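Step one of this worksheet: look at the structure below.
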Amino acid sequence: MRALRIVVTGLVQGVGFRPFIDRLVRQIGLNGFVRNVGGSEVEIWVEGDEEGLYEFLAALFNEKPPPALIDEVVFEEESPLGYNGFTILKSGESRILRSNIPPDFAVCKHCLEEVLDPSNRRYMYPFNSCAWCGPRFSMMYRSPYDRENTSMAKYVLCEDCMREYRDPSNVRRHHAQGISCPRDGPRLTLYDRGFTRIDVGDPLVEAARLIDEGYIVAVKGLGGYHIASLATDDDVVQRLRERKRRPRKPFAVMGLDTSILELLVYMDEADREVLESPQAPILLLPKREDSPVSRLVSPGLSHEGVFIAYTPLHFILLMHTRDKFLVMTSGNVSGEPMCRDDECARSKLSQIVDFFLVHDRDIVNRVDDSVLRKTGGEYVLLRRSRGFAPAWIKIPVRLEREVVAFGGDLNNTGGVGFEDKVVLTQYIGDLESYNAQVELLNAIEYMVRNYGVSLRDSVIVVDKHPLYHSRRLGVEYAERHGIPVVEVQHHYAHVLGAAIDRGLSGRVAGLAVDGVGWGDDSTVWGGEILVFDAGKPGAYRRVASIDHIPLTSDKDTLKPARLVYGYLARKGWNLDEVVKVVGVRDPRVLSEARVVFRMVDLGRYTLASSTGRLIDMVAALLNPSIERSFEGEPAIWLESLAHSGTPRLLEGVRFFIDDGVMRLDYYGLVTNIIEMRGAVEPGVLAASFLYSLGYYYGELIAGTVKGEGVSSVVVSGGAAVNEYLYKGLKERLTLEGLEPLLPRNIPPGDGGLSFGQVVAGGLIRLT
Amino acid sequence: MEGGVVTTLHGAGGAESWVIVEKLIRGKVPGNLWRVLGGVGLDALDDGSYIVVGDSFIVFTSDSYTVKPIFFPGGDIGGLAASGVLNDLVMMGARPVAFMDNIVVEEGFPLRDLEAVVGSMVKTLVDNNVALIGGDFKVMPRGEVDGIVISGFAIGVSVKPPIVDSVKPGDKIVVTNYIAEHGATILAAQLGMLEDAKGLRSDAKPLVKTILPVLEKYRDGVNAARDPTRGGLAATLNEWARSSGLTIIVDRGSIPVRIEVAEFLEMLGVDPLTLASEGVAVLSVRSSIVDDVVEELRRNGENPSVIGEVVEPRSSELAGKVLAVTEVGGLTMIPPNAYNLPRIC
Ligand SMILES: [Fe+3]
Ligand SMILES: [Mg+2]
Ligand SMILES: [Zn+2]
Ligand SMILES: [Zn+2]
């Protein structure tokens, strides 16, 4: 007779882990207990014969529930206490080690089968879930994941559900915290746009009928409100665009399942797996030529953002629609966070939708849909939220102190770090919105509390940009708590984050291809090569950068033709020549050209070595009236255009040394494009420019890292996901025996900034 | 501020100016010398200061003016200096009575121009029945001053306690006319864009006849008055919010900006809330009398709008902040910064 005390950390709570252990132990015939521990790992006590204990340990790894992820198992031999039988104990009070807060999981196939089985008592039940699937973080008030800590607490289990809950042989429902059934679970109500209840037999079926008739319906889902409408009707999509004041930003399309989505986009086996994973993200895939989706859903773009119904509610809704796929976009007012409660929906969405389909389970934490795309054949996160946050990311280094990071201002996420773990908050959004700022503070508070971050011993990390809201919020937060603030340069956070994410430890060259980040020299950066030591963060050297574009204000970013006026003005062109290049006729645009030209002439600008702005400027050379109505629009447009051409290497770049930094001067590239515009297909020019830019970045790296002892190259920043830029970079680096590594577990854009900030803040030497 | 140098930001009326005033000036003066004779001074940091003499409140203010160009549509540096100084008294609720000037001119400055700017300064004073009781005139060698600098010092009288800005929860924020007219005009002139941006004109004017009578009549319900010059409306509102610890919420759509100004600033990427007005007052008025104040202002020829209100902060982060409801129904913060750096990634 021997006894083991085992502590398992990882993603082990809220995934049916305790019932799994319970069943396993009974099968083998061991005694003892299992319980969740405060910080939220699982503690197991087992006693029995040696053979049984070995069998148990093997099965622990091999037979665990599908969504479970084991980071670490610590076990000690103890003296047997003579337990009789095996029990699931109530959660312990004292914390042993910290463990993961489970993210939300898409409905599992077993639960869907029940929903579709007319003989099952959960037939057509929109809130079916089990130990392996369903909402978690989005309904958790606090850790650990016990029913009384969630917004399911108010639904009292009926006898049938209670029987399942207590039945050790019921793998998916024994001790499953979030289960319910049509008798005891959340209820749906349909409201009109004035939020007056509409009496109908089945609100879900009625909502589907209304959508089919062309109405726009807000649907309260898992992590917030969506807005659903037909995706096949131009008039409906146009109406949605007008009401949402969203002229061109693509809408996501939700399909019943992947076989429906195959009518819309091209997908391979790996794509299908991603779409059907417990994270069920939005994935950008190439549109089929014969896709039935209205062109207004993602106007002018080559790819469609698609995902599958990830709750039974969405599944049943789509099932009852004609098309089996719908526009499913976030329920928010432009620039504001998605609504998660009725008050927000009532006050903000009634201008946009005709009806509301609402359930009465509180959404505790807003969780937006995650978004992935492919670059160089690999999946890259564009937005890391539902299904991922707030589970931690293990890193290969141990932080020397605990950290709270406030991220950037666009696509914001915050982060906390402790031990060898980084937790990023769910997607917060654009901090221009005051409500988003409040949500960032709340999300950080949530992570600090539930992951037990000791603020007294922490540092606060902020970006260097003097005007960032995130910076101000971080500084105010540090003042309130009396703790130090560390500034981490934007692009260092990007590339350090990428290096740590890819498990690197030696000397690394980091290429940051990005929009706007505040540099160390009071200029704007965004096309930088930083050399640093991934194992000993703190110091980095900016060895190279692209040349500058003058920025007169954020207006230049919103109207990229202005970048052309300013850039050429600084290159000594006269106004008439500039105006001719852009082909301005409209007198108001002419005035604008003159304003920008004069501002640059008089030195009223900020210098920017920004890849994002360079790409925007080239987009404007090919399409002078292009405007940015959503983040990255000109770049996304240019990449879409590039798909219609084959890239070739353009000539005209020049390298020069300026203040110890090697600069890539792309003026010749720009003038070449200006000259070739009439003669060469725009698609070829787009592809060739992006490819060449990447290629010359590779050349810049090759030329500057010699003698630096660099063994790896990472690439990050918002423009790193560009297919052609990445391709050019990769092909040039291959000649050097190097490969550009993109971050995998964090977005290369500013949604991943807080990750690098946490690592830097946790490791650099404090002065 | 160790090791740094003074930049134009320090004089732009935003957070940087505040640091200079707070740390470099007020911090060095012993508290008992911030004010005298029952009045207020450095303790309030308002448009002006006062002392009490018998039953009267004697109000002082001074300001200096440099502007490029010296002549601009709608005025020149002389009229600007006189009306700017008088307006500071008006914003204290005081009736201006006397003025002194300090003129520093660069060697080589055209006499004709000097005559013109001094002429409009004097005319502004005479029109408002203010005595010019003294001054100083200096010439600096070429290159040691840029053209001309005019400083003014003025004295006003009030029978009631002057308006020391102190906004109260529930107050409505009133703007008396279109904002950013002066700032936009100067910017256009500096960029050589007056031809393109037609219809731009500085609003520089004294507020003695149109606004002072309203402030005198409704003195008890006006909790704060300020002319939003350097740093614009954004700076004024932020100063009020910060000093009171309250929150100010404005409705962006109701802030009056003339279409010509809006379009020109749109091209520049400059927020009109950060640009100077030289003939506008911002008032924080008890809500029960706001309709009367607006009505009276309109009768006097102003074009007032209620743009927002002062509220108790909903949370500790909101204390001292200025928020704006946007045209699409979002909520944003209006920062006190008077400068404009690219932020969008
Ligand atoms: Fe960035
Ligand atoms: Mg005042
Ligand atoms: Zn399930
Ligand atoms: Zn039940």
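If you bin all the Cα-Cα distances of the stretch A:202-320 at 5 Å, starting from zero, the percentages per bin are 2, 11, 22, 23, 22, 15, 4, 0.
Calculated mean residue ellipticity at 222 nm for chain B: -7500 deg cm²/dmol, from DSSP H runs with n ≥ 4 weighted as -39500 (n - 2.57), summed, divided by the residue count and rounded to 500.
Remark: chain B projects, on average over all directions, an area of 19.5 nm² (convex hull of Cα atoms).
Loop sites here are GluC sites (Glu not before Pro) outside DSSP states H, G, I, E and B with no more than 16 other Cβ atoms within 10 Å. The longest part of chain A free of them is A:420-626. Give, rounded to the nearest 20 debye, the magnitude of the charge dipole that the stretch B:55-158 has about its Cα centre when Lys and Arg contribute +1 at Cβ and Asp and Glu contribute -1 at Cβ. Dipole size: approximately 140 debye. Listed by Cβ neighbour count within 10 Å, with the fewest neighbours leading, A:LEU190, B:LEU207, A:LEU735 appear as A:LEU735, A:LEU190, B:LEU207. Over 26 Å apart at the Cα level, from the set B:LYS28/B:LYS172; A:LYS571/A:LYS706; A:LYS324/A:LYS727; A:LYS559/A:LYS580, are B:LYS28/B:LYS172; A:LYS571/A:LYS706; A:LYS324/A:LYS727. In terms of surrounding Cβ atoms within a 10 Å radius of their Cβ, A:CYS158, A:CYS111 rank from fewest to most as A:CYS158, A:CYS111. Positive end of the dipole of chain A (Cβ unit charges, origin at the Cα centre): among A:PRO66, A:ALA345, A:GLY221, the Cα lying farthest that way belongs to A:ALA345.
Of the options A:CYS158, A:GLY32, A:VAL46, report the single residue whose Cα projects farthest towards the positive end of the charge dipole of the stretch A:1-185 (beta-carbon charges: Lys, Arg +1; Asp, Glu -1). My answer, from the dipole projection, is A:CYS158. Annotation: the residues A:MET124, A:MET676, B:MET121, sorted from fewest to most other C-beta atoms within 10 Å of their own C-beta, follow the order A:MET676, A:MET124, B:MET121. Each Cα pair under 8 Å and six or more residues apart adds its separation to the average, and for the stretch A:1-127 the resulting relative contact order is 37 percent. Helix A:723-734 axis versus longest C-alpha principal axis of chain A: approximately 80°, rounded to the nearest ten. For the stretch A:666-736, report the translational diffusion coefficient in µm²/s to the nearest whole number, using Stokes-Einstein at 20 °C, 1.002 mPa s, and a Kirkwood Rh over Cα pairs. Estimated diffusion coefficient is 163 µm²/s. Of the chymotrypsin sites (Phe, Trp or Tyr not before Pro) found in the stretch A:369-404, no site is in coil according to DSSP while having at most 13 other Cβ atoms within 10 Å of its Cβ. Helices of chain B meeting both criteria, an alpha-carbon length of 15 angstrom or more along the long axis and an average Kyte-Doolittle score not below 0.0, with helices taken as full DSSP H segments, are B:77-90, B:111-127.
Judged by a Cβ-Cβ distance under 4.7 Å, the unpaired cysteines of chain A are A:CYS111, A:CYS130, A:CYS158, A:CYS161, A:CYS181. Charge dipole of the stretch A:188-359 (Cα centre as origin; +1 on each Lys and Arg Cβ, -1 on each Asp and Glu Cβ, all else neutral): 760 debye, rounded to the nearest 20. Summarised in one figure, the compactness ratio Rg/Rh of the stretch A:546-741, Cα atoms and Kirkwood Rh, is 0.97. For the stretch B:79-202, taking Cα atoms only, Rg and Dmax work out to 17.7, 55 Å respectively. Positive end of the dipole of the protein assembly as shown (Cβ unit charges, origin at the Cα centre): among B:LEU37, B:VAL328, A:LEU440, the Cα lying farthest that way belongs to B:LEU37. Using only alpha-carbon positions in the stretch A:416-574, the gyration tensor eigenvalues give semi-axes of 32, 22, 13 Å once each is multiplied by 5 and square-rooted (largest first). Distance cut-off 32 Å, Cα to Cα: go down the list A:LYS64/A:LYS348; A:LYS536/A:LYS730; A:LYS244/A:LYS374; B:LYS168/B:LYS205; A:LYS421/B:LYS321; B:LYS123/B:LYS198 and report the pairs above it. From A:LYS64/A:LYS348; A:LYS536/A:LYS730; A:LYS244/A:LYS374; B:LYS168/B:LYS205; A:LYS421/B:LYS321; B:LYS123/B:LYS198, over 32 Å: A:LYS64/A:LYS348; A:LYS421/B:LYS321.
Other residues within the sphere of radius under 15 Å centred on the Cβ of B:VAL159, judged by their own Cβ, net out at +1 (K and R +1, D and E -1).
Note on chain A: Rg/Rh from Cα positions, Kirkwood definition for Rh, rounded to two decimals, is 0.99.
Under a model in which nothing but the beta-carbon of Lys, Arg (+1) and Asp, Glu (-1) is charged, the stretch B:172-333 shows a dipole of about 360 debye around its Cα centre.
Here the sum of -39500 (n - 2.57) over DSSP H runs of 4 or more residues, divided by the residues of chain A, equals -9500 deg cm²/dmol at 222 nm, to the nearest 500.
The aspartates and glutamates within cross-link reach of A:LYS287, meaning a Cα-to-Cα straight distance under 15 Å and a gap of 8 or more places when in the same chain, are A:GLU262, A:ASP268, A:ASP271, A:GLU304, A:GLU639. The loop-placed chymotrypsin sites (Phe, Trp or Tyr not before Pro) in the stretch A:622-685, going by DSSP, that have at most 13 neighbouring Cβ atoms within 10 Å of their Cβ come out as A:PHE630. The share of C-alpha pairs in the stretch A:511-631 whose separation exceeds 19 Å stands at 48 percent.
Helix A:469-481 versus the longest principal axis of chain A: what angle, 0 to 90°, nearest 10, using Cα atoms? Helix A:469-481 and the main axis of chain A meet at about 50 degrees.
Using alpha carbons only, the radius of gyration of the stretch A:1-185 set against its Kirkwood radius gives Rg/Rh = 0.98. Axis angle, to the nearest 10 degrees, between helix A:682-704 and the longest C-alpha principal axis of chain A: 80 degrees.
Quick note: the coordinates plus some simple rules give every number you see, no bench work behind them. Since the structure is predicted, the reported quantities are computational estimates derived from the model, not experimental observations. Here the Cβ is made from the backbone with ideal geometry for all residues, glycine too, and neighbour counts use every protein chain on show.
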